[in-house]
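Below is one structure, written out as structure tokens, with a few remarks after it.
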Amino acid sequence: MFDETIDRSGTNALKLERYKEYKNAIPAWVADMDFKSPQCVINALKNCVEHGVFGYTAISDELTHAIMNFIKKEHNWNTSKEWFTFTSGVVASMNIVCGMLEANESAITTTPIYPYFLNAPKNMKRQVSTVRMREINNRWSIDFDEFEKSIKPNCRLILLCNPYNPGGTVFTKEELLKIGEIAIKHDLLICSDEIHADLVLDKNAKHIPIASLSSEIADRTITLMAPSKTFNIAGLQSSFVIIQNKKLKANFENSMGHINGGVNLLALTATKAAYENGAIWLREVKEYLRENLKLVQEFVRNNPKLKLLKLEATYLAWIDCHMLNVDAWQLFLKNGVILNDGKGFGDGGEGFVRLNFAMPRVVLKEVLTRMENAVRSI
Ligand SMILES: Cc1ncc(COP(=O)(O)O)c(C=O)c1O
């Protein structure tokens with residue numbers, strides 16, 4: 001099923017449109033998959049479109065229950081209907097969270113990181129301090145002493161990315177407890193972006209929602225989740241926020257006001273279908289991605305000037321190209337592959353590229369061949 005090469009041209013796919021001047025280059029950058037969404041999602045959308053009336057839409061209990069059941073099964077977290085707020089995107093939610101801070105308060109996060117973690121505080125005119133992720137035992141992690149020392153007196157919020165983009169770390173229970181402990185000690189809120197939670201590829205790793213660890217941590221945590229990466233429906237703009245603490249939830253909703261215009265009918269329809277019936281598809285896509293990851297790892301092994309740490313989750317390989325001593329993003333572009341340039345991911349991102357390997361295997365093989373030729377050409 002995932003071997004099918006689907007022509008996305010003419011669909012306004014961002015992946016193609018942004019670099020359309022590079023006609024024969026293969027896009028392997030923005031984080032969506034070149035696979036069809038689960039058939040249950042396609043069918044639900046068809047039925048919705050056939051009905052033909054697209055009026056204002058309420059959030060149904062069935063939708064919330066489908067999500068709650070899925071989270072219980074996948075992540076062993078018991079949530080409650082009252083904890084949910086629906087939004088049109090995780091980035092939108094993160095901006096809303098930053099807007100909850102007073103003007104003189106700041107946030108802290110780690111870099112390199114998905115760029116919107118740095119943009120969201122700036123958009124809301126709040127400061128953000130950053131701490132570099134460290135290579136610890138061949139895996140990207142946090143030096144917690146350094147992290148704690150970087151917390152400024154006016155800091156009020158930790159922006160956490162788990163699983164981590166880029167780098168693919170799935171934080172362990174011990175690591176998450178440490179973050180929780182720091183948050184409690186310094187009286188910080190935690191905004192935990194868990195959009196990649198369902199895409200854990202390493203069978204020894206397990207995603208743990210940080211809010212599920214203790215009531216004390218849950219009390220100060222805003223969890224951001226979405227079906228968009230999991231079921232490849234990013235273009236539908238659907239996400240939800242889980243906040244157990246009633247006061248915190250009210251603050252979030254006040255900060256949101258009516259700026260986030262709600263989630264559209266098609267997004268809600270797809271979301272419900274995906275969480276109710278998409279689990280088998282998800283298992284299959286993860287198997288496919290695991291095999292693709294093996295190809296990427298083999299490619300890196302064969303090219304000793306490249307380096308890839310252990311990737312536990314996401315379909316995004318964060319490749320260290322420092323040893324090439326050239327502008328790697330440009331090099332790969334010239335050789336027909338469009339990646340993400342590590343520079344855009346903040347401090348520590350320079351010298352890296354991010355490869356999205358969620359594509360049919362024949363296409364990935366061609367991408368890796370072109371990358372291999374690029375490396376050999378210098
Ligand atoms: C960590 C992370 N958060 C958020 C997003 C985007 O979420 P949304 O499209 O719901 O705004 C992405 C997309 O790549 C991501 O990797």
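Could you list, in sequence order, the residues of the range 18-61 that are within 16 Å of the ligand (Cβ to nearest atom) and either at pLDDT below 95 or surrounded by fewer than 18 Cβ atoms within 10 Å (Cβ to Cβ) (or both)?
Of everything in the range 18-61, those that are within 16 Å of the ligand (Cβ to nearest atom) and either at pLDDT below 95 or surrounded by fewer than 18 Cβ atoms within 10 Å (Cβ to Cβ) (or both) turn out to be 18, 30.
Could you count how many residues in the range 58-102 are of a type outside the set (Ser, Thr, Tyr) and not in a helix (DSSP H, G or I)?
Residues flagged as of a type outside the set (Ser, Thr, Tyr) and not in a helix (DSSP H, G or I) within the range 58-102 amount to 11.
Pairs, please: C-beta under 6 Å, at least 6 apart or cross-chain, first residue in contact (Cβ under 8 Å) with a residue 12 or more places away in the chain and within 16 Å of residue 199 (Cα to Cα) and in the range 271-283, second in a helix (DSSP H, G or I) and of a type in the set (Phe, Trp, Tyr)?
275/70
Considering only the range 125-143, I want to know if a residue exists there that is within 16 Å of the ligand (Cβ to nearest atom) and of a type in the set (Phe, Trp, Tyr).
Yes - at least one qualifying residue is present in the range 125-143.
Scan the range 118-138 for residues that are out of contact with any strand residue (DSSP E or B) (no Cβ under 9 Å at 6 or more places or on another chain) and surrounded by fewer than 18 Cβ atoms within 10 Å (Cβ to Cβ) and jot them down.
119, 123, 125, 136, 137, 138
Of everything in the range 214-248, what is among the basic types (Lys, Arg) and either within 14 Å of the ligand (Cβ to nearest atom) or touching a helix residue (DSSP H, G or I) at 6+ places or on another chain (Cβ under 7 Å) (or both)? Give them in sequence order.
220, 229
Go through the residues of the range 205-226 one by one and say whether even a single one is part of a loop (DSSP other than H, G, I, E, B), within 18 Å of residue 35 (Cα to Cα) and out of contact with any Phe, Trp or Tyr (no Cβ under 8 Å at 6 or more places or on another chain).
No, the range 205-226 contains no residue that is part of a loop (DSSP other than H, G, I, E, B), within 18 Å of residue 35 (Cα to Cα) and out of contact with any Phe, Trp or Tyr (no Cβ under 8 Å at 6 or more places or on another chain).
For residue 285, indicate whether it is modelled with pLDDT of 95 or more, aliphatic (A, V, I, L, M), assigned to a helix (DSSP H, G or I) and within 30 Å of residue 74 (Cβ to Cβ).
yes
Can you report the number of residues in the range 88-109 which are in contact (Cβ under 8 Å) with a residue 24 or more places away in the chain and either in contact with a Gly (Cβ under 8 Å, 6 or more places away or on another chain) or away from the ligand (no atom under 12 Å from the Cβ) (or both)?
12
Out of 162, 95, 104, I need the residue that is over 25 Å from residue 316 (Cα atoms), among the polar types (S, T, N, Q) and modelled with pLDDT of 95 or more. Which one?
Only one candidate qualifies: 104.
Give the number of residues within the range 288-332 that are part of a helix (DSSP H, G or I), without any contact (Cβ under 8 Å) to a residue 40 or more places away in the chain and over 21 Å from residue 137 (Cα atoms).
Qualifying residue count for the region: 3.
With respect to residue 333, determine if the residue is modelled with pLDDT of 95 or more and surrounded by fewer than 20 Cβ atoms within 10 Å (Cβ to Cβ).
yes
Mind checking which residues of the range 190-210 are more than 16 Å from the ligand (Cβ to nearest atom) and either buried (at least 24 other Cβ atoms within 10 Å of the Cβ) or farther than 29 Å from residue 343 by Cβ (or both)?
203, 204, 206, 208
Would you tally the residues in the range 242-266 being in contact with a strand residue (DSSP E or B) (Cβ under 9 Å, 6 or more places away or on another chain) and hydrophobic (A, V, I, L, M, F, W, C)?
6
Only one of 230, 223 is touching a strand residue (DSSP E or B) at 6+ places or on another chain (Cβ under 6 Å), within 30 Å of residue 56 (Cβ to Cβ) and hydroxyl-bearing (Ser, Thr, Tyr). Can you tell me which?
223
For the list (1) on the phi < 0 side of the Ramachandran plot; (2) assigned by TED's automatic domain parsing to the domain that holds residue 362, I need the number of the one condition that residue 272 fails.
Of (1) on the phi < 0 side of the Ramachandran plot; (2) assigned by TED's automatic domain parsing to the domain that holds residue 362, only one is false for residue 272: (2).
Please state which of the following conditions residue 247 fails to meet, knowing it meets all the rest: (1) assigned to a helix (DSSP H, G or I); (2) surrounded by fewer than 18 Cβ atoms within 10 Å (Cβ to Cβ); (3) under 22 Å from the mean Cα position of the chain (by Cα).
So the condition that residue 247 fails would be (3).
When you scan the range 288-301, do you find a residue that is in the same structural domain as residue 29 (by TED's automatic domain parsing), of a type in the set (Ser, Thr, Tyr) and in contact with a strand residue (DSSP E or B) (Cβ under 9 Å, 6 or more places away or on another chain), even just one?
no
The values are calculated or read from the model by the stated rules, or taken from the named source; none is laboratory data. Computed from a predicted model, the values in this text were never measured in an experiment. When we count neighbours, we look across all protein chains shown, and the Cβ atoms used for this are built from the backbone with ideal geometry, even at glycine.
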